[in-house]
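Structure first, then comments.
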Amino acid sequence: MTIPITPELVEDHGLKPDEYQRILDLIGREPTLTELGIFSAMWNEHCSYKSSKKWLRTLPTTGDVVVQGPGENAGIVDIGDGLVAVFKMESHNHPSYIEPYQGAATGVGGILRDVFTMGARPIAALNALRFGEPEHPRTKHLVAGVVAGIGGYGNSFGVPTVGGEVNFHRCYNGNCLVNAFALGIAKRDAIFYSKAEGVGLPVVYLGAKTGRDGVGGATMASAEFDHRIEEKRPTVQVGDPFTEKRLLEACLELMATGAVVAIQDMGAAGLTCSAVEMGAKGDLGILLDLDKVPTREVGMSAYEMMLSESQERMLMVLRPEKHAAAEAVFTKWGLDFADVGRTTDDLRFRIQRHGDEVANLPIKDLGDEAPEYDRPWAEPAVPHALDADAMGEPGDLAEALLTLLGSPDLSSRRWVWEQYDHLIQGNTVQRPGGDAAVVRIDGMDKALALSLDVTPRYVDADPFEGGKQAVAECWRNLTAVGATPLAVTDNLNFGNPERPNVMGQFVRAIQGIGEACRALNFPVVSGNVSLYNETHGEAILPTPAIGGVGLIADWRQGATLAFKAPDEAILLAGAPAEGGTWLGQSIYLRDMLGREDGAPPPVDLAHEKRVGDFVRTAIAENLATAAHDLSDGGLAVALAEMAMASGIGAAVELPASSHHAAQWFGEDQGRYLLTAQTGDQQSLLERAAAADVSLMEIGTTGGDRLALPGAPALSVAELKSRHESWFPRFMA
């Protein structure tokens, strides 16, 4: 039965009338339902980047260590000794809001496939999670489901989840964010790509069977939410981590045989996107026979099969002479291996089902001719800087510190990360809770540091400075553990780009990210854009998450934030003489004074690089015994975190100033706390002066209390109790 293509059906597929007219002009006739579904999948925002491509091209994507930039399944950087690091971040926001467990679980599964499709064995995972306000009736349900889904998939698959972010804000009430990051290691001379080569070669389907789960998932991910959200539940994929583990081992074994010409995982838009990308990149056509696709449900239509996003599946172009050996590998691992098509020289994407041709489309046009918009954008209004004098002094410095440490955004995330196996594979050097995770490369002294960072309230107030700050903080976190920052992946989460104010946030954030990446020699090698993150017209805070990777030559030479011993000097690097002055958009301003206003702290990138390079050298030369970057909550919170990590207290003094709140809770950028053994601080002070870096001695470690001037000393045990209690109490 032929289904008529009506305007309503076109709209249901997320295509606008002018986009449908573009399809008619391209193919010269009315599309079949299957063809309409294929265009819908390939031309939606999630797959085509039609609103963002213009601006993504402005990002720096090359560098001395870059092997593969954006455009493949994952980015790749050289880490020496014939090895590369392969990494990527992706969003699974909409599915996780609809079905938290499976949405988050399949987000993890998808990003792991992106990495091992390139020939890399995954060695670490991170995630950046953002939920609505804790009081919202749905928040606890989402937190519980998302955390369980991440842990359930990652733990079963066997990859350590070693860090990330969890934050709360009312703007995420109707649209949580689940951004998943994965990192793998491969040999430089054994990287696999998705570009098909050769005519008449078999196209082989690998992995799990195809079902009806996830049909239309990519299109759903490119739309706003409304009151019909529950109807979208069938578009959420269902994952099986044990099948994925077998798929990993089978793929790596297969790759070692020399059988693989090209390989692509079936992620968003499933069989459609994987086949089109492989063929189009190689200037080849693809012919698929859907009767040969393994299915787990009876009577699936061509439309359902092409748009299914069932998990744990791959598509491969195979060397014919290696066919028997390749099939034997997948048979051994108990996975499907099916010849479902071949490459052609006609640049057509042809699909057969039950002997009928149900689609015949120009394969290059499906990707290359996707709409590309230069959407109107409005320059964001940037607030004025707050007057620190007008903020006054905190009524009770000690109580303010305890309140912030026990707040939803600054409290310990132990409840979350203890549900993840962060030690599996046996190479985790730094557990969650520090500035950056550190994972040793198996059998080597080398280690990789990983961090995810963004401060959405800064981006909302000033997208350009907020974009710069996200990159700078990620770079700073890697530096604080002694790593040389190499490159980043990004996950750009924004609202509806058809609104000029949202598009303005996106454009200015991209410009800020690009400026910071260039200044810090920190190129973007992969990423993801997630738009239409809004419900009933209310957008999320603009959240361009930055995932960074750095290299430590010897994992024993890295730094942690914990105080190491009593009687060590505490030094503040990179700060203005009075300590801290910037309260605009700070956690203190929001949580203590009930205000979300003012300009965010500016980011001086030359200063950032100068101070960071100095800190990294101090760590490498064993002059700094501990290091910690200053971010949310400023100096007071950073001191408390170092004390809580070690159980050792400290006595601290700052130069006299009336701006006590700004001194202790200001969020000025480009600052670090260092500790040094007695005698070494003088050498550090001299080196800092020579490097034009501000460095001042502000206190001494020791005892079991944190003593700040003009306030009762707080026991480290009390700090820790307040810090650790919020999350378990909230989730109880």
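The values are calculated or read from the model by the stated rules, or taken from the named source; none is laboratory data. None of these values were measured; they are calculated from a predicted model. Note: ideal-geometry Cβ built from the backbone for every residue, glycine included; neighbour counts use all protein chains shown. Just so you know, the surface numbers come from the protein's heavy atoms only, side chains and all, with ligands and any DNA or RNA stripped out. Shrake-Rupley method; radii C 1.70, N 1.55, O 1.52, S 1.80 Å.
A few remarks follow.
- With Cα atoms, 0 to 90° folded angle of helix 139-157 axis to the chain main axis: 70
- Placing unit charges on the Cβ atoms of the charged side chains and taking the dipole of the chain about its Cα centre, the candidate lying farthest along the positive direction among L695, M444, A398 is M444.
- Inter-site label distance for R29 and V298 at 7 Å from Cα along Cβ, in nm: 3.3
- Over the stretch 539-687, the fraction of Cα-Cα pairs per 10 Å bin, rounded to whole percents and listed from the shortest bin up, is 10, 37, 37, 14, 2, 0.
- Using a probe radius of 1.4 angstrom, the carbon and sulfur fraction of the accessible surface of the chain is 50%.
- For the stretch 450-547, the calculated P(r), taken from all Cα-Cα distances in 5 Å bins from zero up to the bin holding the longest distance, is 3, 15, 26, 25, 15, 9, 4, 2, 0 percent.
- Nearby lysines by direct alpha-carbon distance to K564 (threshold 29 angstrom, same-chain neighbours under 8 apart not counted): K446, K609, K720
- Rg(Cα) / (2.2 N^0.38 Å) computed for the chain, rounded to two decimals: 0.97
- Helix 680-690 axis, angle to the chain major axis (alpha carbon atoms, nearest 10°): 70
- Extended-chain gain in nm, criterion 0.36 nm per residue less alpha-carbon gap, Q557 and M696: 47.7 nm
- Under the Debye formula (equal points on every Cα, no solvent term), log10 I(q)/I(0) of the stretch 616-732 at q = 0.10, 0.16, 0.17 Å⁻¹: -0.34, -0.84, -0.93
- Placing a label point 7 Å from the Cα of D81 along the Cα-to-Cβ direction, the residues of the stretch 174-191 whose backbone N falls under 16 Å from that point are 184-189.
- Length gained when the stretch V382-E686 is fully extended (0.36 nm per residue, less Cα-Cα span): 105.5 nm
- Spin-label pair T257-F730: with each label point 7 Å from Cα along the Cα-Cβ axis, the two points sit 4.9 nm from one another.
- Pairs from the list K209/K364; K54/K140; K332/K364; K50/K245; K53/K322 with a Cα-Cα gap above 30 Å: K54/K140; K332/K364; K50/K245; K53/K322.
- For the chain, the solvent-accessible area of protein heavy atoms averages 34 Å² per residue (probe radius 1.4 Å; ligands and nucleic acids excluded).
- Temperature 10 °C, viscosity 1.306 mPa s: under these conditions the Stokes-Einstein estimate for the stretch 409-493, based on its Kirkwood radius over C-alpha pairs, is 110 µm² per second.
- Cα long-axis angle, helix 500-519 against the chain (0 to 90 degrees, to the nearest 10): 70
- Nonlocal amide H pairs with L284, under 5 Å, H built at 1.01 Å: none
- Stretching R319 away from L347 to a fully extended chain increases their span by 8.1 nm, per 0.36 nm per residue minus the current alpha-carbon distance.
- Where both bridge residues fall in the chain, DSSP classifies roughly 80% of the beta bridges as antiparallel.
- The calculated FRET efficiency for the pair A717 and H136, based on their C-beta separation and a Förster distance of 35 Å, comes to about 0.60.
- By the rule of a C-alpha distance below 19 Å, with chain neighbours fewer than 8 residues away ignored, the aspartates and glutamates paired with K195 are E72, D114, D265, E277, D283, D339, D345, D346, D365, D368, E369.
- Amide hydrogen proximity for E165: with H placed 1.01 Å from N in the peptide plane, the residues at 5 or more positions away or on another chain lying under 5 Å are N127, A128, L129.
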